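Notes to accompany the following structure.
The values are calculated or read from the model by the stated rules, or taken from the named source; none is laboratory data. Only a predicted model underlies this, so the values are computations on that prediction, with no experimental measurement involved. Here the Cβ positions follow ideal geometry from the backbone for every residue, glycine too, while neighbour counts run over all protein chains shown. Just so you know, the surface numbers come from the protein's heavy atoms only, side chains and all, with ligands and any DNA or RNA stripped out. Shrake-Rupley method; radii C 1.70, N 1.55, O 1.52, S 1.80 Å.
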There are 6 protein chains.
Amino acid sequence: MARADGRSDDALREVRITRGYQDWPAGSVLVEFGRTRVLCAASVQDGVPRWRSGSGLGWVTAEYAMLPSATNTRGVRESVKGRIGGRTHEISRLIGRSLRACIDLAALGENTIALDCDVIQADGGTRTAAITGAYVALADAITWLSAASKLSDPKPLSCSIAAVSVGVVDGRVRLDLPYEEDSRAEVDMNVVATDHGTLVEVQGTGEGATFTRSTLDTMIDFALTGCAELARKQTEALAAPYPGELPGGAK
Amino acid sequence: MARADGRSDDALREVRITRGYQDWPAGSVLVEFGRTRVLCAASVQDGVPRWRSGSGLGWVTAEYAMLPSATNTRGVRESVKGRIGGRTHEISRLIGRSLRACIDLAALGENTIALDCDVIQADGGTRTAAITGAYVALADAITWLSAASKLSDPKPLSCSIAAVSVGVVDGRVRLDLPYEEDSRAEVDMNVVATDHGTLVEVQGTGEGATFTRSTLDTMIDFALTGCAELARKQTEALAAPYPGELPGGAK
Amino acid sequence: MARADGRSDDALREVRITRGYQDWPAGSVLVEFGRTRVLCAASVQDGVPRWRSGSGLGWVTAEYAMLPSATNTRGVRESVKGRIGGRTHEISRLIGRSLRACIDLAALGENTIALDCDVIQADGGTRTAAITGAYVALADAITWLSAASKLSDPKPLSCSIAAVSVGVVDGRVRLDLPYEEDSRAEVDMNVVATDHGTLVEVQGTGEGATFTRSTLDTMIDFALTGCAELARKQTEALAAPYPGELPGGAK
Amino acid sequence: MARADGRSDDALREVRITRGYQDWPAGSVLVEFGRTRVLCAASVQDGVPRWRSGSGLGWVTAEYAMLPSATNTRGVRESVKGRIGGRTHEISRLIGRSLRACIDLAALGENTIALDCDVIQADGGTRTAAITGAYVALADAITWLSAASKLSDPKPLSCSIAAVSVGVVDGRVRLDLPYEEDSRAEVDMNVVATDHGTLVEVQGTGEGATFTRSTLDTMIDFALTGCAELARKQTEALAAPYPGELPGGAK
Amino acid sequence: MARADGRSDDALREVRITRGYQDWPAGSVLVEFGRTRVLCAASVQDGVPRWRSGSGLGWVTAEYAMLPSATNTRGVRESVKGRIGGRTHEISRLIGRSLRACIDLAALGENTIALDCDVIQADGGTRTAAITGAYVALADAITWLSAASKLSDPKPLSCSIAAVSVGVVDGRVRLDLPYEEDSRAEVDMNVVATDHGTLVEVQGTGEGATFTRSTLDTMIDFALTGCAELARKQTEALAAPYPGELPGGAK
Amino acid sequence: MARADGRSDDALREVRITRGYQDWPAGSVLVEFGRTRVLCAASVQDGVPRWRSGSGLGWVTAEYAMLPSATNTRGVRESVKGRIGGRTHEISRLIGRSLRACIDLAALGENTIALDCDVIQADGGTRTAAITGAYVALADAITWLSAASKLSDPKPLSCSIAAVSVGVVDGRVRLDLPYEEDSRAEVDMNVVATDHGTLVEVQGTGEGATFTRSTLDTMIDFALTGCAELARKQTEALAAPYPGELPGGAK
């Protein structure tokens, strides 16, 4: 049974990474996985949350949100509801945790990098696109901080971070599910990995079904291959110079 | 004293209107006034708010919001604060009220058009850009509703709506203020007008200063000229065909 | 077409200003525009909001609210809803902004004057009555602060502030609309002005209608005349001595 | 040790009851116990809360609140805090419960009487003044409902309700405590009673002290005498005709 | 008319007090009044609330809550509602106030004891069981603080505190009502008393009925006898050694 | 390097399952994993959430919470904060999703089973203990529903569900981490599995570290063995008869 867009089961959708999408944040990246589009901004802020104050360590945090117009059926704003939903919390925490895996927080000093991942258009895989784009925004923010002489270690990123979804649809393991597949998947998994091939996060869920150990193994295989491809796209995107003006006129 | 960007006192910044920015909403427009960029989406929803139910009339409502990364200094999300701030409420109400001035709500039947104006990048004049862009998104939504045979009157829009800011800066009346001028303006005014030259809304405020009747008159003159120019830009943008697929394959 | 209460189109309702309505605040004024009654209290508080701290400047802020029993149909308390509505926010901000236009905040030192405008009975024009009454309460609070030797400049008020509504009803421009007129006005405008005849704030809105430049001009004419009359009432009310006991036994 | 205002230990402060204070609610009463002033409004609403719907019974509910300017030191609005405090909840529940003791809810049909008790000025005993005034507002609302032919039983009130505070101050039992006594009372009690001399509610609290059975007995004696006096004041106030216009022109 | 469980009108249900129910808090007591079960934990916290800071005095506060599964019909969590209900606030305040009556807060220094009373199973009288159990938890926390050398006075408890409900059911005064009686009681009273026989709090309410002075007297008699019996149970429970490990290895 | 409690790396802590802990819910289970104690209640409710209404299908949902006294340092109640935290949301969703994997929701008809998992004492692994206990409570609720003749299929449970944590501590893979190990684990994973050995959920996170594919494989091995052991404990616990009274006197 073929996929609606003709991809093979282990292929990614078309991936596009646009740096310098906004003018103010130190890093601002529009990432696209097919029709899914997420704006990832990395803003540098003086100081750290109160519970971390005085530690000498920096902090990286993330907030995920969706524009009401991003989905097929208009969503209600969480600001209007007056509370952030469980799914939003869960994804925000996942993004922050994932990105903290690649950075030496001591090198930041007591500064915070806030990663805002706002979904402009949703077609499945918004959280994995967000993580993949947020890494590029984070890398730009690090370049900015370095130019501003705010880093105690000039290379605080030990690896790159990318993420992809994988699932069981129509009884077959498939990579990078669009909404049409995701909404009827029997098993749904998100994998976050480094460019060294190690794992950062594995979250797999049977949706009204359970899955065997061997299905898990195949899903992990597909996901690691997908993340390696995404890491190459990130490297390509970051090969170009910093897209804005750096502090002190550095290049 | 010249303006930082070299414009004359009564000139607009460069205006760009991009239709079809997102795939799902019936209308989706990216509007740019210089560096200010606002995404205006018009979503069609069955039904009307409860207080209006059974009236046979439709409804047009608006919600304005700013991405945390849109401003020079990162803002706190209102969903995180758990409440919508006064400024946001005020602008959302202004946008909805302004757009309702051009439409025959009876022609919609009991349907709602929700206008979401999300600021991607802020550099002054976000509310006036939002109104100007929302009109174009609304016009596209009307085309969509017409193609879907959901309108009782095929031309429910009686005029177009545009808005611009005007203020007193360095003692001079100036049109379309960027943030750098807005933040130190002595008087700040927003004017919403139709392409017939009539007024929809006038909001002028002395910021730690008062202003004379004759200054008011000059500001209104500048604003009406600016709105007329914006109406021409809207007409140009809407001259191209509907940017997506219409219900029933209509063109 | 005559007005229900027999007034000419450019006449105010009967205005009454009662100082010393409450015992505790430094200024406490009951202002009545016909049946509209608003209690305006000016409370002096040590310190300023955090964002202003260390500036050496004082602050004037306002909160507007309506008793649930003030309106024809009982309203739901905003404390019960758990959030302040958009209209309340908008009016609170308008009152604060308007009153800050007449005062030299440096003279206050780092003290705050909180203006609480609580509507006891609503019959149209509550926000304009609130501004007009709040000025008188503010003037009493300044007298109190002066007696307490807390002002660096003994005359920090540069002018007086009054406000009035004006609208188009039955096709005619009319001043100071009661609820019966306000609820069916085609255009609704609030004007805040000083006793020098200059403008502080102009907010005009077409309610399902637009208005011409010449209607705007007539509305401004009516409003400025009305504000001048209100300024005379304020002066009269303030001619009597301070209605309570002053710090240090001053008179 | 004499009381600051010269009263004997078992005397009430001066009590004033003003009916018809507002124009819109069916009952509106300003009640004053010395400097304590509470506005009690009784609004008639169609229908009952959902949990009571279909029972054929009416409902009487109450909401207590304090203007921020009512107290010596300005209070923060509960609408601004976004939540109603424990004390407010407790008093609102007490008022509603107390007034329901005198009324046959079946006679109301499925209508609600909402009692809004808003403290204009606080000087101790606000909750007992509120109950005492709310009874008079309720009685006026019943007259209104009767004139509107909405009662199945023309006399649904079986008794009157009044309330008073009593406490131990300076080692002596004292009636109707002003703030100056209340704030340093060792024991603080509120008693709600009917004009038949029976009890509706007794709430006594040692404030950092305990009290003997015999002190309790004396406090109850004082309170019952005070409530009897308040019942006479209520009767006097209600002897005058209904202060507004009744439905159907009834008198 | 006999009681469903065969008790005489002035008898308590079976009372069980289990100390050391949890490992972490300084005091942790499961108290049972028949089927009513409340877990009372006393946690020691450094510092006092801000409004008390710098006074040199400690603080005792309480929070009451009910598990959703504690009642016959599952309740909605207050965390899910996003606000604490009036009843919960009222009871939390009652517990805190009652326990503060027995302790010399100066002896604590600027430390807080937080009393968490969580109802595991509800069958009437949860607030009185909570107070009775909280006293025992508090006594254990005092023992812990003494062992930790944190008390300036080794015996800061001047008496013990217990509470019981009493009401009028089937026309008879009855002690310690289970839910089946409580839900149809005509009068409902809670009494908090010390082991010296003095009163801390008396709260009596007619539920759709009023009550005479002589009924009040009988209810107080029953309650004082009940509290004396509870005080004996508390003494027995506290006769055993501290149920966990004390700081510094003290016994 | 040995574990503090002497267990081998792949051994569970002592597990205790007590059914019938509370009287009212259809299922009520206290589950203990060492010192971690969670009360799991399964309450049957008529009807389903609105979005599911009319489907003919039932629903199983879960809410997780922690008593403030459950942790080493007292926590702040989420009802007091006024919002549910991200972690709580995440775990509640996990529990509900996991338990829905074993049940045929069509067999329930339009009824809901609410699973309340309240942590009485926390020492690591509270979410996995909650899932393991909730299954037993769910099984009891199914017995209750069957006795009440409310099931269309008498055996709606297709398997049992258990969960366990596994992590990397001191460089070694270890099963069922207590707080002392969990707080310093380099990798933390929770696995939910059926008694058939299939997987329901896999959530693994590097905590400031990443992990290799082969570490993942070992962790899954340990977890599946642990879940199989837990499934045996559940079967043992459920071998005894239903611990309360069943509808219709069934056994």
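Accessible surface of F:D221 in the full protein assembly, 1.4 angstrom probe, to the nearest 10 Å²?
Looks like 80 Å² after rounding.
State, in square angstrom and to the nearest 100, the accessible area buried between chains E and F, both chains counted, probe radius 1.4 Å.
By this definition, chains E and F bury close to 3100 Å².
Keeping every protein chain present and rolling a 1.4 Å probe, give me the accessible area per residue for chain E in Å².
It amounts to 37 Å² per residue over chain E.
Determine, from the Cβ-Cβ distance of B:N72 and E:A148 and an R0 of 51 Å, the FRET efficiency 1/(1 + (r/R0)^6), rounded to the nearest 0.05.
With a Förster radius of 51 Å, E is 0.50.
Using a 1.4 Å probe and ignoring any ligands, DNA or RNA, find the accessible area of B:V15 and quote it in Å² to the nearest 10.
Accessible area of B:V15: about 20 Å².
Accessible surface of E:K150 in the full protein assembly, 1.4 angstrom probe, to the nearest 10 Å²?
Here the accessible area works out near 80 Å².
Got a number for carbon plus sulfur as a percent of the protein assembly as shown's accessible area, 1.4 Å probe?
Ligands and nucleic acids excluded, carbon and sulfur give 49 percent.
What is the spread of the Cα atoms of segment B:170-251 along each of their three principal axes, largest first, in whole Å?
56, 27, 17 Å, listed from the longest principal axis down.
Taking springs between alpha-carbon atoms closer than 10 angstrom, which of E:G125, E:G27, E:G206 fluctuates most in the Gaussian network model of chain E?
Answer for the Gaussian network model of chain E: E:G206.
Shape call for segment F:105-195 from the C-alpha gyration tensor, a ≥ b ≥ c root eigenvalues: rounded (a/c under 1.5), prolate (a/b greater than b/c) or oblate?
Cα axes put segment F:105-195 in the prolate bin.
Between C:S43, C:S98, C:S28, find the one with the highest GNM mean-square fluctuation for chain C; connect C-alpha pairs within less than 10 Å.
Between C:S43, C:S98, C:S28, it is C:S43 that shows the largest mean-square fluctuation.
How much mean residue ellipticity at 222 nm does chain F get from its helices, if each DSSP H run of length 4 or more adds -39500 (n - 2.57) and you divide by all residues, to the nearest 500 deg cm²/dmol?
Computed mean residue ellipticity for chain F: -9500 deg cm²/dmol.
Quick check: with the 1.4 Å probe, what order do E:S79, E:S152, C:S146 take by accessible area, largest first?
Most to least solvent-accessible, the answer reads E:S152, C:S146, E:S79.
Take the residue pairs A:K81/B:K81; A:K150/B:K81; E:K81/F:K150 and return only those whose Cα atoms are more than 19 Å apart.
Working: A:K81/B:K81 11 Å; A:K150/B:K81 30 Å; E:K81/F:K150 30 Å.
Cα-Cα > 19 Å for A:K150/B:K81; E:K81/F:K150; rest within.
Could you tell me which residue in chain D puts its beta carbon nearest the axis mapping D onto A, with the distance rounded to whole Å?
Here the nearest residue and distance are D:G82, 4.
Which helices pass in chain F if a helix is a full DSSP H run, must span at least 27 angstrom along its long axis by Cα, and must have mean Kyte-Doolittle hydropathy not below 0.0?
Span-like helices, by this rule, are F:126-147, F:213-239.
What are the ³J(HN,Hα) couplings of segment A:113-121, residue after residue, when phi is run through the Karplus curve with 6.51, -1.76, 1.60 and θ = phi - 60°? Round to Hz, x for glycine and proline.
10, 9, 9, 9, 10, 10, 7, 7, 8
List for segment E:4-50: residues with 30 Å² or greater reduction in accessible area, all protein chains versus chain alone, probe 1.4 Å?
E:Y21, E:Q22, E:D23, E:W24, E:R35, E:R37, E:Q45
To the nearest 0.05, how large is the calculated FRET efficiency for F:A228 and F:R16 if R₀ is 22 Å and r is the Cβ-Cβ distance?
On the way: r = 18 Å, r/R0 = 0.83.
Efficiency, from the Cβ-Cβ distance: 0.75.
Mind running the shape call on chain B? Use the C-alpha gyration tensor, a ≥ b ≥ c as the square roots of the eigenvalues: rounded below 1.5 for a/c, prolate if a/b tops b/c, oblate otherwise. Mind showing how you got there, number by number?
Values: a/c = 1.76, a/b = 1.61, b/c = 1.09.
Note, shape of chain B comes out prolate.
Would you give the gap between the C-alpha center of segment F:114-161 and the C-alpha center of segment E:90-114, rounded to a whole Å?
Centre-to-centre (Cα) distance: 39 Å.
Compare A:W51, D:W144 by solvent-accessible area with a 1.4 Å probe and give them largest first, with all protein chains kept in place.
Working: A:W51 170, D:W144 70 Å².
In descending accessible area the options line up as A:W51, D:W144.
Please state the shape class of the protein assembly as shown: rounded when a/c is under 1.5, otherwise prolate if a/b exceeds b/c and oblate if not, all from the C-alpha gyration tensor.
oblate
Say R0 is 25 Å: what FRET efficiency, to the nearest 0.05, do D:E180 and C:D46 get from their beta-carbon distance?
E(calc), rounded to 0.05, equals 0.65.
Of E:V48, E:V119, E:V168, which is the most mobile in a GNM of chain E whose springs link Cα atoms less than 10 angstrom apart?
With Cα springs under 10 Å in chain E, the top fluctuation among E:V48, E:V119, E:V168 is at E:V48.
Averaging sequence separations of C-alpha pairs under 8 Å and six or more residues apart, then dividing by the length of chain A, give the relative contact order as a whole percent.
This gives 21 percent for chain A.
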